[in-house]
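Report on the following structure.
The values are calculated or read from the model by the stated rules, or taken from the named source; none is laboratory data. Predicted model only: the values in this text are computed from it and were never measured. Methodologically, a virtual Cβ is constructed for each residue, glycine included, from the backbone with ideal geometry; neighbour enumeration extends over all protein chains shown.
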Amino acid sequence: MPAAPQTTLNLRDLLFYVEQVLARGIPGAVWVRAEIAALTDRRHLYLDLVQLGEDGREVAKCRATLWARERFALEGKFRRATGGGLMAGMSVLLFVTPEFHPQYGFSLHIADAAPEFTIGDAALRLDELRKTLAREKLLTKNRDLPTPTDFTRLLVLSPAQAAGLGDFRGELDRLAIVGVLDAEYFEATFQGREAEASLLSALDEARDAHTEQAADALILIRGGGASLDLAWLNNEAVARAVANFPIPVITGIGHARDDTILDEIANVRTDTPSKAAAYVVGSILERVQDTLAAYQTVRVLSREALRQAESGSERLSERVHRAARSQLETQSARLDATMRQILGLTPERTLARGYALVQGERGEVVTRANQLQAGQTLKLTFQDGEVGARVEG
């Protein structure tokens, strides 16, 4: 057995020595570039900082703390510049003091941050992604698809409870109720480390839905937010999936001042979910107007043809004349019914939505309470039948 050493150090003495060496080696604070791997909010803000190598693996990692006494001022400064707060996955430039404690180990005390570095890093990443997609001819691939001029079926992808989703659905659901438009909705996370996997999964589901039943377009919507929140959408894998989507993509992400790579590669870009809905509704109404104009033209030309036939040929039999007029009236009535159906004005669709038709004793339609008198009998027509009623007061 080797002889016991004559001189030893206990653990506390060794770590105290390390603390002194570190204090002499790095006097004061320094600026450090890093990425936030994780963040815990317990009045104080505790961060796990990492540096990633070119292969994406961690090559360095340590803890950092933003104490509550300094947190309010620093976060306020950061939020004013970027529109959002510190979050996991963000590249940051921090002014830190290295600290070593014999009991708690090594950590960094955060004294300040440079938000312009974070903004610049996000812009640099977007520019590099834009160049990559352009080299691979993906930047314009979806834009080169024929832009839809009408819509009957849509695929819609948004975060759950997204700001603006209610307004978007309010516009489109009215068309869905009358059978003009079918919309299928998919949910995904649009920010944070889980955004990439969530968006790719939802895009796969939407692609499968299109394969099963062809759709006219895919709409991506998200309410406005901080620029750095939207930066999560500047993801290469997600951008590739959207660029290669088999049907035109329409975006309604954020506000006019916000820009993501998805907006740049989309077939149609609108600024907000409401504007995306307005684009769809406007396209449908434009086609309805075109149909109505064509219908009026057909009626005018058909009547003129009949008039010329009546005046120009004495041999046109009354039977043929009646058949032609009957055919015109039948087709006119059919087109009228189609237009009423598109606009949701058919009695059947109205009753199916929970309304009832009120008629008086002579069959007249009652639309106001002041048309009625006590003791008067009524007929109520529902979707599945009729019932009698009497006015009591």
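Just so you know, in segment 40-78 the residues that are surrounded by 12 or more Cβ atoms within 10 Å (Cβ to Cβ) and assigned to a helix (DSSP H, G or I) include one that is nearest to the chain's Cα centre (by Cα), and it is Phe78.
For (1) in contact (Cβ under 8 Å) with a residue 60 or more places away in the chain; (2) part of a strand (DSSP E or B), each residue gets a yes or a no:
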site: Ala81; (1), (2): no, no
site: Leu93; (1), (2): yes, yes
site: Pro98; (1), (2): yes, yes
site: Leu108; (1), (2): yes, yes
site: Thr118; (1), (2): yes, no
site: Asp127; (1), (2): no, no
site: Leu133; (1), (2): yes, no
site: Asp144; (1), (2): no, no
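Residue-wise test of (1) part of a helix (DSSP H, G or I); (2) closer than 26 Å to Val92 by Cβ.
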position: Val156; (1), (2): no, no
position: Thr189; (1), (2): no, yes
position: Asp208; (1), (2): yes, no
position: Leu220; (1), (2): no, no
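Scanning segment 72-101 for residues that are over 25 Å from Ala195 (Cβ atoms) and either touching a strand residue (DSSP E or B) at 6+ places or on another chain (Cβ under 9 Å) or at pLDDT below 85 (or both) yields Leu74, Lys77, Phe95, Val96, Thr97, Pro98, Glu99, Phe100, His101. Can Arg33 be described as under 18 Å from Ala113 (Cα atoms) and not assigned by TED's automatic domain parsing to the domain that holds Asp229? Judged against the criteria, Arg33 is a match.
Residue-wise test of (1) surrounded by 16 or more Cβ atoms within 10 Å (Cβ to Cβ); (2) closer than 30 Å to Arg24 by Cα; (3) not aromatic (Phe, Trp, Tyr).
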position: Arg80; (1), (2), (3): no, no, yes
position: Met90; (1), (2), (3): yes, no, yes
position: Phe100; (1), (2), (3): yes, yes, no
position: Gln103; (1), (2), (3): no, yes, yes
position: Phe106; (1), (2), (3): no, yes, no
position: Pro115; (1), (2), (3): yes, yes, yes
position: Arg125; (1), (2), (3): yes, no, yes
position: Thr132; (1), (2), (3): no, no, yes
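Scanning segment 1-33 for residues that are in contact with a His (Cβ under 9 Å, 6 or more places away or on another chain) and outside any loop (DSSP other than H, G, I, E, B) yields Leu15, Glu19. Is it the case that Ala206 is assigned by TED's automatic domain parsing to the domain that holds Asp259, touching a residue at least 24 places away in the same chain (Cβ under 8 Å), in contact with a strand residue (DSSP E or B) (Cβ under 9 Å, 6 or more places away or on another chain) and surrounded by fewer than 16 Cβ atoms within 10 Å (Cβ to Cβ)? No; evaluated as a whole, the condition is false for this residue.
Residue-wise test of (1) surrounded by fewer than 10 Cβ atoms within 10 Å (Cβ to Cβ); (2) part of a loop (DSSP other than H, G, I, E, B).
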| residue | (1), (2) |
| --- | --- |
| Thr367 | yes, yes |
| Asn370 | yes, no |
| Ala374 | yes, yes |
| Thr381 | no, no |
| Glu386 | no, no |
| Ala389 | no, no |
| Glu392 | yes, yes |
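Is it the case that segment 48-57 has a residue that's in contact (Cβ under 8 Å) with a residue 24 or more places away in the chain and outside the structural domain of Arg240 (by TED's automatic domain parsing)? Checked segment 48-57: at least one residue is in contact (Cβ under 8 Å) with a residue 24 or more places away in the chain and outside the structural domain of Arg240 (by TED's automatic domain parsing).
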